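Heads up: the structure comes next, in structure tokens.
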Amino acid sequence: MGHPPEKPEPFEGIRTAGMLAMIPLLLIIAPLLGAYIGRWLDGRFGTTPWLLIVGLVLGFAAAGREIYSIYQRVQSDEERKKKRAP
Amino acid sequence: MGLEFLARVRTTSMIAVAFAAIFVVTYVSPAWAGAFVLGALWSLLNLVALEKIVVGLTTPRQDSAAMLRRAGGGAALLFALLAVGAVLLSRLDPVALLVGFGVPFAIIILKALSLVLVSSAFWRRLTAPSGRTLGMLAACVLLVWAARPLIARAQEGGHGAGTETHPSGSGVTELPTFITLIENGLGADHPVSHFLHTWENVIFSLLVAAILIVVTGLALRRPTTGVPGRFQNAVEMVMEQLHDFFVGILGPTHGPRYVPYLGTLFLYIIMMNLFGLIPFMKSATSSLNITAALGLTTFAYVQFEGIRNLGIVGYLDHLAGNPRSVIQWGMVPLMLPIHVLGELAKPISLSCRLFGNIFGEDMLLVAFMGLGVSILAFTHLPFGIPLHWPLFIGLALLSSTLQALIFSVLSSIYFLLMLPHEHEAEAHH
């Protein structure tokens, strides 16, 4: 099986769609997970509600960071595609 | 009457036995139904053995060795069936076994009678004017209507165990599986029932895995690099499509390494999803435990690959957000939990999505099947109108395939996000 580098990849569209489809769920799950871990830690250390709030904020930040990295990846894929186009 | 007559008898017997077994489970008992089905199976295999002996001895233009082999195979099957029959008779209800055993013979007699009747002049005279045919049909309907008290009496005297598994009950949220039937047969307090009930989803997922292993094993039993057989060809086609698909997503440099895992994941999930559409089976993916296990497996593999590709130091550096300046090092206590949360959110989102979709799909099927049964509840018959067919079955087929695809595509994207960029990797070489 040869790998001609200039040939357009047949499933590029699905890769981009898959990466973008992750965004909505990450936006929901990451803050929820942060809040859940924060609540659990609150219960252990008796700091209610501070760690829950910290967890929630960190969760939102994590979602933002993941989305940013996905966006970067999609953008670099687009640039590669543009370079390949005649 | 040739061999095709016997083939038709077999098909009709199987349909009739399956249909009758539903009534027997509902109105008599699951144990009686099991004995009845086994009796019919015993009889059908007996017929197959007899057919083999007759064909082996009467086929013209064959050498004596082939003739003996065929007839000997049939005779061996007959003896084996005799032994099995003796064991069945000692363990199960002999009446139920004999009734089941008699079904194929009854079908043979009825089929022979109907052949004689349909080709007779009397039947032609009877059915030629359409008015008379309609009159006969009306008479049949009236006869069934008149027999209603008998059905009602059967219902009163019937065993109640079978109806508990029926999806028409308001509290029932799952379709009955073969495990439910075993539980009903043994009783809920039996340790085997308890074990089966606890491990139901695991049993179904292992069953799917076993089927996949057997199918692949059979396809690879006698592999050929020349022109492959139909079975090997079909399996190879699926493998090739999956290979091209995942290599297309991950790129030719990293892709081939992950195709075995991602391809297996896709086939395993799609099979588990579709398993719920087979009567008396269940989608193991409608349990969060199973989907969480799948998500965790992907998570563990992605992290392992991260450590393998980047090294322990590189992996920790990646988790800390690649700090290079003093400010970035100062941000590490903040970036580390953010990154860990982001990594943990991925398998959870995968599992929740698959579980939610397949569970919802199963609930939809249960609701519409239940509705179909309750519409005919006044007739006290053990079946209903298949309202879930074909719209919701079609929807379930589509959704099952789509969810398996989404899970495996997103898993491959997780690998992609952990791996160095394809063109970066190419630049290194």
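The values are calculated or read from the model by the stated rules, or taken from the named source; none is laboratory data. Treat the numbers as computed from the prediction; the structure is a model and nothing was measured. With ideal geometry, Cβ positions are generated from the backbone for all residues, glycine too; neighbour counts draw on all protein chains shown. All accessible areas refer to the heavy atoms of the entire protein, side chains included, with ligands and DNA or RNA removed. Shrake-Rupley method; radii C 1.70, N 1.55, O 1.52, S 1.80 Å.
Between B:Phe195 and B:Thr225, the simple label model (points 7 Å from Cα in the Cβ direction) yields a spacing of 4.7 nm.
Burial of accessible area (probe 1.4 Å, heavy atoms of protein chains only) in segment A:15-30, relative to its chain alone, reaches at least 10 Å² for A:Arg15, A:Gly18, A:Met19, A:Ala21, A:Met22, A:Leu25, A:Leu26, A:Ile29, A:Ala30. A loss of 30 Å² or more of accessible area (1.4 Å probe, protein heavy atoms, ligands and nucleic acids excluded) relative to the isolated chain is seen in these residues of segment B:317-350: B:Ile338, B:His339, B:Leu341, B:Gly342, B:Ala345, B:Lys346, B:Ile348, B:Ser349. Using the 1.4 Å probe convention, the accessible area of segment B:240-330 works out to 46 Å² per residue with neighbouring protein chains retained. Here B:Val214 and B:Met237 are evaluated by their C-beta separation; at R0 = 22 Å the FRET efficiency comes out at 0.75. In segment B:252-298, the residues that give up 20 Å² or more of accessible area when the other protein chains are added, compared with the chain on its own (1.4 Å probe), are B:Pro252.
Element breakdown for the protein assembly as shown at a 1.4 angstrom probe: carbon and sulfur atoms account for 73% of the accessible area.
Buried area at the B:A interface is about 2700 square angstrom, summed over both chains, from accessible surfaces computed with a 1.4 angstrom probe. Would you kindly state the longest site-free stretch of chain B, with sites defined as trypsin sites (Lys or Arg not before Pro) in a DSSP loop (not H, G, I, E, B) surrounded by at most 11 other Cβ atoms within 10 Å? Excluding the exposed sites themselves, the longest stretch runs over B:62-220.
Here each label is just a point 7 Å from Cα along the line to Cβ, and for B:Leu98 and B:Leu57 those points are 2.8 nm apart. Accessible surface computed residue by residue for segment B:2-125, with neighbouring protein chains in place and a 1.4 Å probe, gives 59 Å² per residue.
Estimated at 0.36 nm per residue, the fully extended path between B:Ala367 and B:Ile385 surpasses their Cα-Cα distance by 5.2 nm. I need the shape label for segment B:203-428. Rule: rounded when a/c is under 1.5, else prolate if a/b > b/c, else oblate, with a, b, c from the alpha carbon gyration tensor. Oblate, since a/c reaches 1.5 and b/c is not below a/b. Between B:Asn289 and B:Val326, what length comes free when the chain is fully extended (0.36 nm per residue of separation minus the Cα-Cα distance, one decimal in nm)? Stretched out fully, the B:Asn289 to B:Val326 stretch lengthens by 9.0 nm.
In segment B:210-263, the convex hull through the Cα atoms has an average projected area of 4.2 nm², a quarter of its surface area.
Ellipsoid semi-axes for segment B:2-125, based on the Cα gyration tensor and the rule √(5λ), read 28, 25, 9 Å when sorted largest first. Here r is the Cβ-Cβ distance between B:Ala188 and B:Ile278 and R0 is 30 Å; the resulting FRET efficiency, rounded to 0.05, is 0.75. Expressed in units of 2.2 N^0.38 Å, where N is the residue count, the Cα radius of gyration of chain B is 1.35. Relative contact order of chain B: 15 percent, from C-alpha pairs under 8 Å at least 6 residues apart in sequence.
With Cα atoms defining each centre, segment B:348-389 and segment B:271-336 are spaced 33 Å apart in the structure. Its Cα centre serving as origin, segment B:2-125 has a Cβ charge dipole (Lys and Arg +1, Asp and Glu -1) of approximately 340 debye.
Geometric descriptor of chain A, per residue, is 103 Å³ (volume of the convex hull of the Cα atoms).
Counting pairs of Cα atoms in the protein assembly as shown, how many percent are more than 32 Å apart? Value for the protein assembly as shown (Cα pairs over 32 Å): 62 percent.
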